[in-house]
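Undergrad: So that we are looking at the same thing, I have put the structure below in structure tokens.
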Amino acid sequence: MNLNRISRTALLMATPLLLFPREAHAYLDPGSGSLIVQALVAAFFALSLAIKGYWRKIKLFLGGFFLTGPEVRDGDE
């Protein structure tokens with residue numbers, strides 16, 4: 001057997017031990033909740049800035065679905 005095959009076999013055999021531990025000594029302190037809230041607020045603002053940056057493209061894309069007649073879109077004048 002070569003070393004690469006032995007490494008893959010060892011990793012394959014160790015994977016269940018790493019994924020399913022028998023005991024978990026975990027503790028969530030009050031700072032963990034603060035970190036989760038901070039991450040959610042940051043994700044909200046990042047998403048809102050991304051939408052703001054692409055708002056014109058989003059509006060043009062969605063406007064194509066809801067146009068009822070030959071209306072003039074922004075920039076098609």
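Undergrad: I'd like the chymotrypsin sites (Phe, Trp or Tyr not before Pro) in the range 22-59 restricted to DSSP loop residues with at most 14 other Cβ atoms within 10 Å, sorted by number. Walk me through the numbers before you get to the answer.
TA: Numbers: sites: Tyr27, Phe44, Phe45, Tyr54, Trp55; in loops: Tyr27, Tyr54.
The qualifying sites are Tyr27, Tyr54.
Undergrad: Okay, moving on. In whole Hz, with x marking every Gly and Pro, tabulate ³J(HN,Hα) for the range 6-12 from phi via Karplus 6.51 cos²θ - 1.76 cosθ + 1.60, θ = phi - 60°.
TA: Residue by residue, the range 6-12 yields 5, 5, 5, 5, 5, 5, 5 Hz.
Undergrad: Further question on the same structure: How large is the convex hull of the Cα atoms of the range 1-54 per residue, expressed in Å³ as a whole number?
TA: Spelled out: Cα convex hull of the range 1-54, divided by residues, is 161 Å³.
All of the numbers you see were taken from the coordinates with simple rules; none came from a lab. On a predicted model such as this, the values are computed, not experimentally measured, just so you know. Neighbour counts run over all protein chains shown; Cβ positions are idealised from the backbone, glycine included.
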